[in-house]
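A.B. asks: Can you read through this structure? Questions will come right after.
Laboratory data are not the source of any read-out in this text; all were calculated from the coordinates shown. This one's a predicted model, so the numbers in the text were calculated from it and none came from an experiment. Methodologically, a virtual Cβ is constructed for each residue, glycine included, from the backbone with ideal geometry; neighbour enumeration extends over all protein chains shown.
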Ligand code: TRP
């Protein structure tokens, strides 16, 4: 079975952008692949989170991943810092990566601009640790969004350099471009994100979601219910694209165009369909939150499995580069 590896940052609360963009894929791919899923708390340090907030975020993301349907019996779910080999290989690969290549990373520029008061070296070497995450498990494929493609290209470059110097050691990881949609926020202007405060939280109650939907923008040209709308330009209708079946969507589009269906009713239909997805996730999340020992167990078992795999790779790497006898 081919192996996949992917990581998620422990930041903020998960929202439906994370769900549609990554989690749905993770759940689907655990069927066909030997999957390693990692909560990257070491990467999160580049943003200097409060210690307690980091702890909480790691657990919340783990709960979100599990509640969405990742099965710890099938996939290996673990926390990056529980597997010290990530840091070890990260340093080794740092010595294999050229400054010129790192300098091209656009995410470094974006992130530096976002936190001008803390442009730490970890922000710069971030993609090297990401490379270590992947090659430590000798993963063939990496499902990521398009914003990570440049990092993956760098990872492949590093693998080629390492293999070229020390002999075939790592497979070159291929990007699996998720057909995941780019989910816009409730403002309809930017990508859904916690930091922009435009998100529909995965664990929100139906009432909380409906309150947000009520305030959300629709077709700007449709001011009154009697105005005819254009579903294609409406952000709410885009969400229907993810959560509503074709037949009901056709009905909604027709009702909007002919002004026989108002925006509030359209939003209520969306809220109901969202709840079909979020309701069971929220329940599973609550059960996991109520049983912290169970979560500890799952993460400990995942880390043990990941460490065993990682150590195999490191034994080979250490001998290849001369840190141990060949
Ligand atoms: N950088 C990725 C992101 O921000 C997270 C990540 C860390 C990752 N390590 C990884 C993704 C390894 C894929 C594989 O989304």
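A.B. asks: Test of understanding: ordering 65, 27 by Cβ neighbours within 10 Å, fewest first, what list do you get?
C.D. replies: Numbers: 65 22, 27 18.
Neighbour counts put them in this order, fewest first: 27, 65.
A.B. asks: What distance in nm separates the simple spin-label points at residue 71 and residue 289, each placed 7 Å from Cα in the Cβ direction?
C.D. replies: Taking the two extended label points, one gets 2.6 nm.
A.B. asks: Restricting things to Cα coordinates, could you compute the convex hull volume per residue of the stretch 21-103 in Å³?
C.D. replies: Hull volume over Cα atoms, normalised by residue count, gives 139 Å³.
A.B. asks: Considering the chain as a Gaussian network with a 10 Å cut-off on Cα pairs, which listed residue, 178, 81, 195, attains the greatest mean-square fluctuation?
C.D. replies: It is 195.
A.B. asks: Stretch residue 1-residue 324 to full length: gain in nm at 0.36 nm per residue minus the Cα-Cα span?
C.D. replies: Numbers: separation 323, 0.36 × 323 = 116.28 nm, distance 3.07 nm.
Roughly 113.2 nm would be gained on extension.
A.B. asks: With angles folded into 0 to 90 degrees, how steeply does helix 121-135 sit against the dominant principal axis of the chain? Use alpha carbons for both and round to 10.
C.D. replies: Once rounded, one gets 80 degrees.
A.B. asks: For the chain, what does -39500 (n - 2.57) per DSSP helix run (n ≥ 4), summed and divided by total residues, give at 222 nm, in deg cm²/dmol to the nearest 500? Don't skip to the answer; put the middle values down first.
C.D. replies: Values: 13 runs with 174 residues, N = 326.
Rounded to the nearest 500, it is -17000 deg cm²/dmol.
A.B. asks: For the chain, set up a Gaussian network in which alpha carbons nearer than 10 Å are linked by springs, and say which option among 47, 148, 248 fluctuates the most.
C.D. replies: Between 47, 148, 248, it is 248 that shows the largest mean-square fluctuation.
A.B. asks: Now, a different point. Note the direction-averaged projected area, equal to a quarter of the hull surface, for the Cα convex hull of the stretch 162-321, in nm². The partial results should precede the final answer.
C.D. replies: On the way: hull surface 56.1 nm².
Approximately 14.0 nm², given one-decimal rounding.
A.B. asks: May I ask you to list the residues of the stretch 125-169 whose amide nitrogen lies under 14 Å from a point 7 Å from Cα along the Cα→beta-carbon direction of residue 109?
C.D. replies: Residues 150 fall inside that zone.
A.B. asks: Then there's this: Where does the chain land on Rg/Rh, using Cα atoms and the Kirkwood Rh?
C.D. replies: Working: Rg = 21.9 Å, Rh = 21.4 Å.
Rounded to two decimals, Rg/Rh equals 1.02.
A.B. asks: What is the helix-to-structure angle for 263-289, meaning the angle in degrees between its Cα long axis and the longest Cα principal axis of the chain, kept from 0 to 90 and rounded to the nearest 10?
C.D. replies: 40
A.B. asks: Taking the simple approach of a point 7 Å from Cα along Cα-to-Cβ for both residue 272 and residue 221, what is their distance in nm?
C.D. replies: For residue 272 paired with residue 221, the spin-label model returns 2.9 nm.
A.B. asks: For the chain, give the share of DSSP beta bridges that are antiparallel, in percent and rounded to the nearest 5; count only bridges with both residues there.
C.D. replies: Details: 2 of 17 bridges.
Taking every DSSP beta bridge within the chain, about 10 percent pair in antiparallel fashion.
A.B. asks: Rounding to the nearest 10 and keeping the result within 0 to 90°, find how far the Cα-based axis of helix 206-215 lies from the longest principal axis of the chain.
C.D. replies: 70
A.B. asks: Across bins of 10 angstrom width beginning at 0, how are the C-alpha pair distances of the stretch 203-286 distributed, in whole percent?
C.D. replies: Taking every Cα pair in the stretch 203-286, the percentages come to 18, 50, 24, 6, 1.
A.B. asks: Any chance you could run the full-extension gain for residue 163 through residue 119? It's 0.36 nm times the residue separation minus the Cα-Cα distance, nm to one decimal.
C.D. replies: Stretched fully, the residue 163-residue 119 segment lengthens by 12.7 nm.
A.B. asks: Select from 120, 18, 235 the residue whose mean-square fluctuation is largest in a Gaussian network model of the chain (Cα-Cα springs shorter than 10 Å).
C.D. replies: Largest GNM mean-square fluctuation: 120.
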